[in-house]
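Comments concern the structure below.
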Amino acid sequence: MSFSRRDFLKASAAGIAIGAFPGLAFASGELIKKKGQRVVVVGGGFGGATAAKYIRKWSNNKIEVVLIERNPMFISCPMSNTVLGGGRTIDDLTMSYEELKKKYGIKLIKGEVTAIDPEKQTVMLASGHLKYDRLIVSPGVDFMYDKVEGLNESVANISITHAWKAGAQTVLLRKQLEAMPDGGVFAISIPKGPYRCPPGPYERACQVAHYFKENKPKSKVLVLDANPDIVSKKGLFMAAWKELYPDMVEYRPNALVTKVDVVSKTAKTEFDDVKADVLNVIPPMKAGAVADMAGLANVDGRWCGVDFLTYESKVHKGIHVIGDAVSAALPKSGHMATSQAKVCAAAVIELMQGKQPDQNPTIANTCYSMVSGNEAVHVANVYRFNAEKQAMISAEGGGVSAKRSELEGAFAGYWLKNILNDVLL
Amino acid sequence: MIMSRTLLVVFGMLFCTAAQADVDKHARNLAASCSACHGTGGNSEGGMPVLAGLDKVLFVNQMKDFKSGARPATVMHQHAKGYTDEEYELLADFFSAQKRH
């Protein structure tokens with residue numbers, strides 16, 4: 001399938017049509033009449049799609065699942081930095097939701113949630129409402145544009161991208177790099193943690209450098225990190241920059257970008273003004289907006305506190321939160337979202353059947369980062385539930401690659417294939 | 001007397017079945033986290049080894065060898081250290097019972 005600007009326009013036009021004429025559809029009526037036990041899942045990313053599929057699978061299709069997703073297609077954020085490097089196109093990362101409907105009988109509603117009523121156990125959309133027995137919210141992240149003066153969603157969509165959700169901005173950023181003259185500067189700004197995909201920004205620096213090395217060797221990559229040091233896989237990224245892209249990547253710690261100028265493509269930090277040819281500013285993040293609709297973001301007003309046996313919200317009974325939106329000492333990654341989704345799916349089924357959920361959830365995470373066209377590095381960890389601390393704690397033995405390798409580069413590709421199959425097929 | 005004995009046996013069996021089901025579910029839940037790399041139910045589509053239908057003894061031995069370093073690995077030595085011997089057995093039970101596609 002081709003993923004063009006026209007598709008995006010078509011998709012958003014459809015969204016607007018539903019929003020503008022709700023009366024034409026179901027007014028405020030019940031979208032799908034609730035008969036038996038039902039779980040509604042909001043958000044069809046790695047977390048939400050996995051939860052929806054595994055509830056059907058593990059309940060032997062006894063529990064009805066309605067999945068609400070606003071985007072027409074699933075686009076994988078993991079590995080999307082390789083679109084910038086040239087190793088993949090956005091089409092390679094784009095999947096359909098059709099199999100979830102056909103194979104698992106998940107009812108898919110394309111639309112946006114406008115409100116959640118935890119008391120009446122109802123989710124509202126522009127086109128009508130849905131009742132639920134249990135709700136799973138997998139909202140991902142939203143961007144705190146107000147922390148960077150001059151930046152907002154429109155600016156991000158057309159000029160100073162974040163490209164931190166794979167899709168149109170990823171494609172735009174690649175086009176900006178292609179249009180940049182040799183000898184230009186690409187600057188990336190990394191927010192303070194926690195943010196989605198801890199190694200992602202450093203991987204992006206590698207992928208852009210990889211593209212420059214092959215196409216625009218006089219160009220520079222400037223990494224402006226609001227954190228005091230490289231957050232993830234430090235030694236491996238530093239080695240990649242030094243050995244693969246000598247004199248091309250410059251890293252600046254404690255460089256918090258507070259302001260941008262769109263016209264001159266300038267990022268302002270506490271210390272200086274940085275002018276770039278291509279400016280990529282990743283704003284600070286918080287739980288996706290859906291979390292706010294039910295007041296679920298009870299940690300710093302940004303992240304959602306949950307019970308790690310069930311992922312039930314600390315704020316509302318009957319509402320579960322999974323994925324990047326959760327407040328935890330767990331990496332905000334695609335693999336982690338799917339692992340949480342499965343713990344949550346299993347627990348939701350047990351709770352709906354009046355049984356006790358698994359008391360010892362133990363989950364794994366493996367994150368690959370592509371540091372060149374064919375070499376990768378990873379971080380891997382097992383996490384287990386600690387009853388005393390009521391938290392997920394890192395188990396022994398986790399760690400990173402000994403060194404970057406082509407073998408791990410190949411494994412990274414198979415990781416993507418296997419996890420996408422597990423989530424959507 | 002005979003009745004109550006029969007009932008006891010029946011209750012005992014019910015209890016065992018429920019407890020066994022919990023063990024099986026715990027094994028299933030443990031194994032679910034592996035599928036990102038090894039495919040759903042251990043049916044990898046390539047690259048990482050297929051775990052579905054793998055012999056139990058072989059599975060447990062491999063995990064022990066990853067942990068000790070006897071079998072070199074890029075990732076698995078790290079994951080192997082994160083799980084207990086008991087969990088190796090549970091995972092082996094689960095994966096050996098999965099059908100290969």
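Throughout, read-outs are computed from the coordinates displayed, never taken from laboratory work. These numbers were taken from a predicted model, which means no experiment stands behind them. Here the Cβ positions follow ideal geometry from the backbone for every residue, glycine too, while neighbour counts run over all protein chains shown.
Here, P(r) means the percent of Cα pairs in each 5 Å bin from 0 to the largest distance; for region A:334-425 it is 3, 12, 17, 19, 17, 14, 9, 5, 3, 1, 0. Checking every one of the GluC sites (Glu not before Pro) in region A:101-157 against DSSP loop status and a limit of 11 other Cβ atoms within 10 Å picks out A:E119.
Against the compact-protein benchmark of 2.2 N^0.38 Å, the Cα-based radius of gyration of region A:84-197 scales to 1.42. Just counting partner chain Cβ atoms within 10 Å, what average do the residues of peptide B:71-84 show around their Cβ? Average per residue, whole number: 6. The mean sequence separation of alpha-carbon pairs under 8 Å and at least six residues apart, normalised by the residue count of chain A, gives a relative contact order of 18 percent.
Only alpha carbons enter this Debye calculation for chain A, each as an equal point scatterer, and the log10 of I(q)/I(0) it gives at q = 0.08, 0.12, 0.14 Å⁻¹ is -0.44, -1.00, -1.33. Average 1/r across all pairs of distinct alpha carbons in region A:80-150, invert it, and you get the Kirkwood radius: 16.1 Å.
Projecting the Cα atoms of A:S59, A:S189, A:V278 onto the charge dipole of the protein assembly as shown, computed from C-beta unit charges around the Cα centre, puts A:S59 farthest toward the positive end.
Taking chymotrypsin sites (Phe, Trp or Tyr not before Pro) across region A:223-293, the ones in a DSSP loop with at most 10 further Cβ atoms lying within 10 angstrom of their Cβ are A:F271. Remark: region A:170-280 carries a charge dipole of roughly 240 debye about the Cα centre, counting +1 on each Lys and Arg Cβ and -1 on each Asp and Glu Cβ. Computed with the Debye formula from one identical point scatterer per Cα of region A:266-397, without solvent, the log10 of I(q)/I(0) at q = 0.10, 0.17, 0.19, 0.22 Å⁻¹ comes to -0.44, -0.97, -1.10, -1.29. What you get for region A:237-346, charging only the Cβ of Lys and Arg (+1) and of Asp and Glu (-1), is a dipole of about 320 debye around the Cα centre. Can you figure out the FRET efficiency of B:A97 with B:A70, using R₀ = 30 Å and their beta-carbon distance, to the nearest 0.05? So, using R0 = 30 Å, E works out to roughly 0.70.
With all pairs of different C-alpha atoms in the average, the Kirkwood value for the hydrodynamic radius of region A:157-262 is 14.2 Å.
Under the convention that each Lys and Arg Cβ holds +1 and each Asp and Glu Cβ holds -1, the size of the dipole of the protein assembly as shown around its Cα centre is about 1040 debye. Here the sum of -39500 (n - 2.57) over DSSP H runs of 4 or more residues, divided by the residues of chain A, equals -9500 deg cm²/dmol at 222 nm, to the nearest 500. The residue list A:P357, A:P199, A:L100 was ranked by how far each Cα lies along the charge dipole of chain A toward its positive end, using unit charges on Cβ atoms, and A:L100 comes out on top.
If Lys and Arg each add +1 and Asp and Glu each add -1, what is the summed charge of the other residues whose beta carbon sits under 15 Å from the beta carbon of A:N386? Residues close to A:N386 contribute a combined charge of -2.
Using 0.36 nm per residue and subtracting the Cα-Cα separation, the extra length available between A:K389 and A:K355 on full extension is 9.9 nm. In plain terms, the residue of A:Y202, A:Y132 with the fewest other Cβ atoms within 10 Å comes first and the most crowded comes last, giving A:Y132, A:Y202. From least to most packed, judged by other beta carbons within 10 angstrom and beginning with the fewest, A:S313, A:S369, A:S28 follow the order A:S28, A:S313, A:S369.
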